[in-house]
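The values are calculated or read from the model by the stated rules, or taken from the named source; none is laboratory data. Note that the coordinates shown come from a computational prediction; the quantities given were computed from them, not determined experimentally. Don't worry about glycine lacking a Cβ; one is built from the backbone with ideal geometry, like all the others, and counts go over all protein chains shown.
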């Protein structure tokens, strides 16, 4: 008898604790408009690696999205509609399994209509299906894997361009502008690295260049000594690396130290200051990478964004995806506004409202920080600009000479 | 594949260097196994710890930027000696080895005292699981207390502690200062350890304990002292390999010990686990095989070929290349 009572208490406490967790995790502030009428709270989820994985990029995503939401809440348009926007962060740790948990948590939040994220293509591959079932819009600032928009997910859009654009653009630069003729191609055996390296090699050969060899490494490898000796024997004038900065930097370092003084070129995965720190500025000097879009400072709305960023986050540096996350959040905000105008603010967080928000995104068309933001039939951005960056003598990435 | 004598030689030198690192780590596995019949799974994390302690020592003694930070000014005169030329550099590296070796050596003794000794008379699986626990603990400690990031093995301004450029070229073969340093140091350490174990009194006590622990105890050998010594020497050599690994490849990370740990353990098994010279032979053999496989087949095949060698050795000489002594024990 007493045993059963204890068990009842325990389960009661467990249920209460679970409820408390859900409330603290997903609940938020409800604001009121000036008129005193109750404002409708609409939530946007930010799915990004915050405590593990590519943390430097993930924190930038949070900054960019929060800035867009803050500006929207201050705008007359949102105030007039009686909407208060809020964000909630989900830490996917760059890991697909954790990303799936974040997605489940997001979709179970009734006021959450859209997700700005995720960074990693592998995470999105899991999460996008969960969002699709929950009628939640997903706009990614950073996924570059080609197949994500070909999975039949009508709720998925991205504001960055993809590997089948990035790889060839990099190969064109290497062959036509940098004048490289013989290349060695290395990848890190991940879907991202292999896909990008394949696209690069195909275009480099199509241009008339010679791919003297192709090797696979592991994405956590640190020993490239034997590989460097092998590459050196091929007489190449450029090495292309499909992968991220951790291993790429060590390959560059060991190349230069092993007497192979040719530039290493990579994709957006090595476009971070950590690459130069790990390789050493003297070794990294002359290395090349591509990143999606144009440099923020050169864009029509770039200076405005930089000024707003500096005011909001004094002392912080803009990372690769801050501006894209700002634009991606604005895609969601504009869809919310369109639906609120048509159906009324109180309908936004209903199932019909969420479906209408997804349906509103294909007609997106505005001038964002990264350029014109609009989507093709698959949900890919129509903005296919790629910028080539090079490590300068001062030890930073800077746009390369065209 | 392009073949030339100089290419073969250069890949062989890459292999000997890698083999030297494997041999240093493999000695730690084999010393402990020889005496306790236990595989110390935490050894790969002691290798990692050696890398971190060495980086700390190198930064304190050889990075002017650290001496300029507040409260660290007292380092400046010490650093001026270590940065004063070739002799200074050699002393700097030696100091990093000594500091890293001593700190990690005592970590090994501490781990043995508190994680393994209480389980010495427990079934053989118990200390094994305790070792896995220590390994996970050390990895997570480094992750939480130091950094989750891969740290560059260089000064704050990005320059290497030891100029690692090619030192000289013989008949088209490039050899770097780091390679010479690693090969020479590992050979010297291996020779010293071999002499120590075969010629000194305490070395004889170690061999006696290895043959029969109880009988050695009855003959007046202080068993606990011998075991503690094995747990000092093994991790200390592993730590030196960790410092080399950082300087040679250029970075440290909290989980960096895993792969070299497995490879070195393989090297110890190939040579005959429990046999010191076997661990050295296995280490160099594995390093050279890996390097040549990578150079003449494909980088993707290096581990495949390395483990094929392991399988072949185990089929034809189950006790390892030099491992007869072990066959009696098991």
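Some observations on this one:
- Taken as a whole, the range B:25-37 holds no residue that is out of contact with any helix residue (DSSP H, G or I) (no Cβ under 6 Å at 6 or more places or on another chain) and closer than 20 Å to residue B:177 by Cβ.
- Among the residues making up the range A:253-279, a single one is out of contact with any helix residue (DSSP H, G or I) (no Cβ under 6 Å at 6 or more places or on another chain), at the interface with chain B (Cβ under 7 Å from one of its Cβ atoms) and either farther than 19 Å from residue B:174 by Cβ or at pLDDT 90 or above (or both): A:277.
- Across the range A:149-161, the qualifying residues are those that are at pLDDT 90 or above and closer than 19 Å to residue A:290 by Cβ, and the one among them that is surrounded by the most Cβ atoms within 10 Å (Cβ to Cβ) is A:159.
- In the range A:280-301, the qualifying residues are those that are part of a helix (DSSP H, G or I) and closer than 19 Å to residue A:370 by Cα, and the one that is farthest from the other protein chains (Cβ to nearest Cβ) is A:298.
- Here residue A:304 fulfils each of the conditions (1) more than 8 Å from every other protein chain (Cβ to nearest Cβ); (2) surrounded by fewer than 22 Cβ atoms within 10 Å (Cβ to Cβ); (3) under 24 Å from residue B:158 (Cα atoms) apart from (3).
- Residues satisfying the stated conditions in the range B:304-316, i.e. free of Cβ contacts under 8 Å to residues at least 12 places away in the same chain and within 13 Å of chain A (Cβ to nearest Cβ): B:304
- Sole residue being assigned to a loop (DSSP other than H, G, I, E, B) and within 30 Å of residue A:265 (Cβ to Cβ), chosen from A:135, A:143, A:109: A:143
- Helices (runs of 4 or more DSSP H) wholly inside the range B:233-330 that include at least 2 residues being at pLDDT 90 or above: B:258-271, B:276-296, B:302-316
Residue-wise test of (1) in contact with a helix residue (DSSP H, G or I) (Cβ under 8 Å, 6 or more places away or on another chain); (2) farther than 26 Å from residue B:95 by Cα; (3) free of Cβ contacts under 8 Å to residues at least 24 places away in the same chain; (4) buried (at least 21 other Cβ atoms within 10 Å of the Cβ).
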residue: B:235; (1), (2), (3), (4): yes, no, no, yes
residue: B:240; (1), (2), (3), (4): yes, no, no, yes
residue: B:243; (1), (2), (3), (4): yes, no, no, yes
residue: B:271; (1), (2), (3), (4): yes, yes, no, yes
residue: B:280; (1), (2), (3), (4): yes, no, no, yes
residue: B:292; (1), (2), (3), (4): yes, yes, no, no
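- Annotation note: of A:65, A:54, A:48, the sole residue that is within 14 Å of the chain's Cα centre (by Cα), within 25 Å of residue A:244 (Cα to Cα) and within 14 Å of chain B (Cβ to nearest Cβ) is A:54.
- Pick from the range B:174-187, criterion away from chain A (no Cβ under 14 Å) and within 14 Å of the chain's Cα centre (by Cα), ranking: surrounded by the fewest Cβ atoms within 10 Å (Cβ to Cβ): B:187
- Among the residues of the range A:314-338, those that are outside any helix (DSSP H, G or I) and crowded, with 17+ Cβ neighbours inside 10 Å comprise A:318, A:319, A:320, A:321.
- The range A:67-96: number of residues that are farther than 18 Å from residue A:132 by Cβ and in a helix (DSSP H, G or I): 14
- Any hit, the range B:7-24, residues being surrounded by 14 or more Cβ atoms within 10 Å (Cβ to Cβ), away from chain A (no Cβ under 14 Å) and closer than 24 Å to residue B:259 by Cβ: yes
- Every listed requirement among (1) exposed (fewer than 14 other Cβ atoms within 10 Å of the Cβ); (2) more than 24 Å from the chain's Cα centre (by Cα); (3) free of Cβ contacts under 8 Å to residues at least 60 places away in the same chain is met by residue B:171 save one, (3).
- Checking residue B:47 against (1) in contact with a helix residue (DSSP H, G or I) (Cβ under 6 Å, 6 or more places away or on another chain); (2) more than 14 Å from chain A (Cβ to nearest Cβ), the condition it does not meet: (2)
- For the range A:179-195, the candidate set comprises residues that are outside any helix (DSSP H, G or I) and out of contact with any strand residue (DSSP E or B) (no Cβ under 7 Å at 6 or more places or on another chain); within that set, the residue that is surrounded by the most Cβ atoms within 10 Å (Cβ to Cβ) is A:190.
- Test for residue B:140: is it within 14 Å of chain A (Cβ to nearest Cβ) and either surrounded by fewer than 17 Cβ atoms within 10 Å (Cβ to Cβ) or more than 26 Å from residue B:13 (Cβ to Cβ) (or both): yes
To keep it simple, each residue is scored yes or no on (1) within 9 Å of the chain's Cα centre (by Cα); (2) part of a helix (DSSP H, G or I).
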{"site": "B:6", "(1), (2)": "no, yes"}
{"site": "B:9", "(1), (2)": "no, yes"}
{"site": "B:15", "(1), (2)": "no, yes"}
{"site": "B:19", "(1), (2)": "no, yes"}
{"site": "B:24", "(1), (2)": "yes, yes"}
{"site": "B:28", "(1), (2)": "yes, yes"}
{"site": "B:32", "(1), (2)": "no, yes"}
{"site": "B:39", "(1), (2)": "no, no"}
{"site": "B:45", "(1), (2)": "no, yes"}
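- Inclusion of residue A:381 among residues that are at pLDDT 90 or above, within 26 Å of residue A:270 (Cα to Cα) and surrounded by 15 or more Cβ atoms within 10 Å (Cβ to Cβ) is warranted.
- Total residues in the range A:40-61 satisfying the condition of being part of a loop (DSSP other than H, G, I, E, B) and touching a helix residue (DSSP H, G or I) at 6+ places or on another chain (Cβ under 8 Å): the figure is 2.
- For the range B:289-303, the candidate set comprises residues that are farther than 18 Å from residue A:188 by Cα and within 20 Å of the chain's Cα centre (by Cα); within that set, the residue that is nearest to the other protein chains (Cβ to nearest Cβ) is B:291.
- Taken as a whole, the structure places residue A:358 among residues that are in a helix (DSSP H, G or I) and touching a residue at least 12 places away in the same chain (Cβ under 8 Å).
- Filtered residue count, the range A:196-244, keeping only those that are surrounded by 20 or more Cβ atoms within 10 Å (Cβ to Cβ), more than 9 Å from every other protein chain (Cβ to nearest Cβ) and within 23 Å of residue A:54 (Cα to Cα): 7
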